[in-house]
Every structure is written in structure tokens, then in C-alpha cells.
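The values are calculated or read from the model by the stated rules, or taken from the named source; none is laboratory data. Just so you know, these numbers come straight off a predicted model, no measurement behind them. We place every Cβ from the backbone using ideal geometry, glycine too, and count neighbours over all the protein chains shown. Areas reflect the complete protein model, heavy atoms only, side chains present, ligands, DNA and RNA absent. Shrake-Rupley method; radii C 1.70, N 1.55, O 1.52, S 1.80 Å.
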Amino acid sequence: IDGPMMRTSMFFLVFGMCVLLVVAMAAEGITVNTSSPIISSSPIISSSSGPKVVNIGALLTVNSVIGRSVKPAIIAAVDDVNSDPTILGDTHLNLILHDTNCSGFLGTIEALELMEKSVVAAIGPQSSTIAHVISHVVNELHVPLLSFGATDPTLSALQFPYFLRTTQSDYYQMSAVADLIEHFEWKEVIAIYVDDDYGRNGISSLGDSLAQKRAKISYKAAFTSVNGLTEILTAVNLMESRVYVVHVNPDTGLEVFKIAKRLGMMTCGYVWIATEWLPAENGIILKIRKRFNSYALYAYDSVWLLARALHALLISGESVTFSSDGRLGNGSTNESMIRFSGLRTFNEGPKLLETLLSTNFTGVSGEIRFDREKNLVNPGYDVLNIGGTGVRTIGYWSKSLGLSVNAPEKMYAKTVNGSSETKQLYSVIWPGETSVKPRGWVFPNNGKPLRIGVPYRHSYIEVVTKDVRSPQGVRGYSIDVFEAAVNLLPYPVPREYILYGDGVRNPSYSKLVSAVADNFLLDD
């Protein structure tokens, strides 16, 4: 591949059932198999003096859409590492998996129990909420977290030095979504999202990205369970914006579309943009790379990242040792029943973290290399158009080059060679099986009427003036032209004419324009 390996994801435009989707996918031509997929930049040297067994942990919700694909991927990666003597020599990885049960409370307890098993690192957690809580613990224990699914942008903060994201940050995904919204010239969107750290902080990042493009989120529709979705979607259907960004979990996300379809919100004029959660529904079969599930690929690469870093750590002469922390006693001083004495600090943790951050290789999901903010370099996304059971790739997005019909690595090569592609996206099939771009808004059924400022003059009354006998309360040539134009529109426009002035002297047009711009008509 010409240029640097781009790490691509996907987001979707949903239409009809048709969606515009932004979502992660693996690098082309790389498959998951039982032999090492790692492309090494330096020769691997066998370690013969290291420990026989090194414990590594895994934190995921086993009975979930993501968990069902990630668990076999992690197990396969550990088996592949252990079967390759050129990676860790006689040292074997011992996988200790804890189920976080799709619960912030239970997940935190499971994570704490995992830390008692003397693990040198943990693959996960899957949840951004658990990542926030457990990051405070691993900071003290010096145990790196390699998360394949926690996309909350705020986890990149300096507050969480031992949190490494081996997937894309929602900061970049929301930048891609904002570029897409700008491309189609929509100014307002409605965000539909799950009310947790993942949902709230992802949508907050979208709001920041849209503000830079003079667009905004007009309404935030948050939910905690599917029970209240019908009422939420009914409410947003009465609002002005017809562009919806859906940022939810894959286990409940399809319920949004099912209910929306039942409410008639998958027809002409509607736009649905789904983030990376949607492709997880398609699952992944190990040994055959499935296009639309990237979480398993990220998890697989996370194990190899850890194995390579451990190899570098061991051949440098470091060992794997743990020590007790005097602050974590038996709780006898405060009569606590919680025993933290089993939590021990990984002495070589800071060195392993440093090694992880400096590791550079190409895995099944693309290039694995971190920038100064601990994000993976070269983020990229596929833009997919889903209609019915069909999927079309209509373009790509990359951090440095934005939207293009060329794949990121090809686009990069063209730019380096002095030429670039000007076309940003291929044509889209919109809801209603039409190629006509939706305007993205309507006059809301429960909204205020369009208020029109009318100068109440004492001269040139043929142009415009007050008329108490007219239904509009005004008359004149300007009113006739405006009414004729409005009547040509294919939808109703509720309107109200607001007189500005007293009819005795001509009002100030400058003040009238300012009043309209401020959305408030003042007396002259």
C-alpha cells in the first residue's frame, strides 16, 4: 500500500432502511488466522530467561453483540502468540477473562477482582463507563488497559495515563460526521444517544465539531433503555430538524430504527446517520475477515501489541514483579469489610507502558502506532450508504484530508505526488428510493409560525401597509409576491406578519433588520 497504512472505520447514512454509516474496518488484504499476522519492523529475538507464565486480563461483556465477537478473537490471539516461539520464547500468556455483565457496578467489581490476579495488563474494558472508574485504580497499580471498545474522547486525558485506546476515539468519528453534515449543507441535527459516558461525551464532541462549521445540535434526545424510545422519537418527529445522528450501543441500537420505521420516520425527507455501533450487528467469523465488525480486530491486535511490548521488556533485562502497597491494608482501621490487600502494584508497569506507547507494527486492523495524545495515528473512516439489505461505499474520511471517493492511503499518495481528488462522495440513495438530497428540515408541527417583519409606513402604501380587513393583517405588492412564492412550496408554511412602526412616520429599516436578526421585533 502506498503511503502510511490508514486505520479505517465506518459510519452510515441510514435511508429507508437506508443509513449513512461511519464505521471501522480492517486494512485491505489482511485476515485473521492462526499464524502471526504481524508485520514486524525489526527481527524478533526469542526470550529464554523470562518468566514461564505471564497473566494478562480481559474485561468485556460476554453476552453482548461486541462481546460475542471479541471473546473468540482474544482467545485466538493468545493462542497464536503462544504457538509462535519467536514472540515470547518459552514465556506463555495466561488469559484471565472477567465478564463485566453490561453493568457499571458489576463491571467495576469484576475489574477490581481481576487486578488481584497479578495481571501485567488488561485487554479492555469494553465500556467507557467502566474505563473511567477502573482507570483510577490502574493508575495506582501501574497496570495498562488496552481498550478495544471504549471510544469516549475524554479518556485520552492526562488524568488516565495507563489507559490506551486500541480503537478509534470518538473525537475523530464525530469530526467525520460533522464533515459529512457540512458536505450536505445541513445546519441543524438532532442527536439520539444512550445516556452514559460513551453517549454523552461522544455527542459533546459532535457539538464541538459542528460549532466549528457554523452548525449545531438543535436537540439532544438521550435515553437509558428502549422502554421510552417511542415517546422520545415521537417528540423529535414534531421538531424542525430531519437529520438524526444515532450514537448508541449495538445491543439496543436497532430498536431505534424499528420504532422510527413504525412512526413513519424512514420515508422521504428524513436523514439518519449512524456511528460505528451499527456494523457490530453483522458479527465476525474468525479466520475470515468480516467487513463490518472492527471490535474483534482491535481486540486481536491488542493482544499482539501487548505481546510485542512484553517481548521488548523481557529482552531488555526487565522482569515481572509485583509489590504490596502499604495503603491497601485489610481495612481494620475503618472496619471496612472490603479487602484490598490482594491488589498489588506491577513494578515494571511504567516501563511496559512506555514500551507500549513506542511500539509500531501493522496488525489486522491497520497500523498500530500512538501519537503524543495516546491516540492511534492516521484515523480513517468509510462512509457507507445502507438501503434495505444492500450496502454501498460512497466515500472515505481521513483526519488530514477529509472526505474523498478515494481510499485514504490512495488519496494520501495522490496528494504527495502533487495531485488530489476533488470529488468528495459518490451519489446517495435517500429514503424513498430517491437521489434528491433531503433539505434536512421542515416547519415543526408544534413549533412557532414564521414571523415576518413588515414596515408600517406612512408613504408608498401600495407596496406594503396595514390592512385590518385582510386575514394576514397586511396588504400590498410585496405581500402579494411573498404569498405567491410561499404558495408554490410543496409544504405548508405557517406564518405571521408583524407590523413594525406606527404608520405616522417611516420606521428605521436598519433597526428593523437588527430586530429580525436578533429574533425580536422592537418598537421604532
> So what's the gap between the Cα centers of the range 250-281 and the range 163-238, to the nearest angstrom?
Replying inline: 14 Å
>> Checking the table LYS71/LYS399; LYS187/LYS423; LYS399/LYS423; LYS258/LYS423 against a 25 Å threshold on Cα-Cα, which pairs fail?
In response: LYS71/LYS399; LYS258/LYS423
>> Tell me the Kirkwood radius of the range 146-234: reciprocal of the mean inverse pair distance over distinct alpha-carbon atoms, in Å.
In response: 14.1 Å
> If we sort 73-85, 144-156 on the protection proxy, mean other Cβ atoms within 10 Å, highest first, what's the order?
Replying inline: 144-156, 73-85
> Around ASN82, what is the net charge, scoring Lys/Arg as +1 and Asp/Glu as -1 over all other residues with Cβ under 15 Å from its Cβ?
Replying inline: -2
> Once phi is turned into ³J(HN,Hα) by the Karplus curve 6.51 cos²θ - 1.76 cosθ + 1.60 with θ = phi - 60°, what whole-Hz value does each residue of the range 127-144 show in order, with x for glycine and proline?
Replying inline: 9, 5, 4, 5, 4, 4, 6, 6, 4, 5, 6, 5, 4, 7, 8, 6, 10, x
>> Suppose the chain between LYS437 and ALA485 were pulled fully straight at 0.36 nm per residue; how much longer would it get relative to their current alpha carbon spacing?
In response: 15.1 nm
>> Taking 30 Å as R0, compute the FRET efficiency from the Cβ-Cβ separation of SER400 and ALA211 and round it to 0.05.
In response: 0.90
> Once Rh is set to the Kirkwood radius over Cα pairs, what Stokes-Einstein translational diffusion coefficient, in µm²/s, holds for the range 150-301 at a temperature of 10 °C and a viscosity of 1.306 mPa s?
Replying inline: 97 µm²/s
> Relative to the present Cα-Cα distance, how much length would full extension add between GLU113 and LYS258 at 0.36 nm per residue of separation?
Replying inline: 48.3 nm
> Percent of accessible area on the range 109-175 owned by carbon and sulfur, 1.4 Å probe?
Replying inline: 60 percent
>> Between the range 95-135 and the range 368-385, how far is it from one alpha carbon centroid to the other, in angstrom?
In response: 25 Å
> Of the trypsin sites (Lys or Arg not before Pro) in the range 423-452, which ones lie in a loop per DSSP and count no more than 15 other C-beta atoms within 10 Å?
Replying inline: LYS423, ARG439
> Going by average Cβ neighbours within 10 Å, how do the peptides 242-249, 105-112, 459-466 rank, with the highest at the top?
Replying inline: 242-249, 105-112, 459-466
>> Within the range 101-142, list the residues whose amide N lies under 17 Å from a label point set 7 Å along Cα→Cβ of SER225.
In response: 102-106
> Which distance in nm do the two modelled labels at VAL504 and ALA517 give, with both placed 7 Å along the Cα-to-Cβ direction?
Replying inline: 2.9 nm
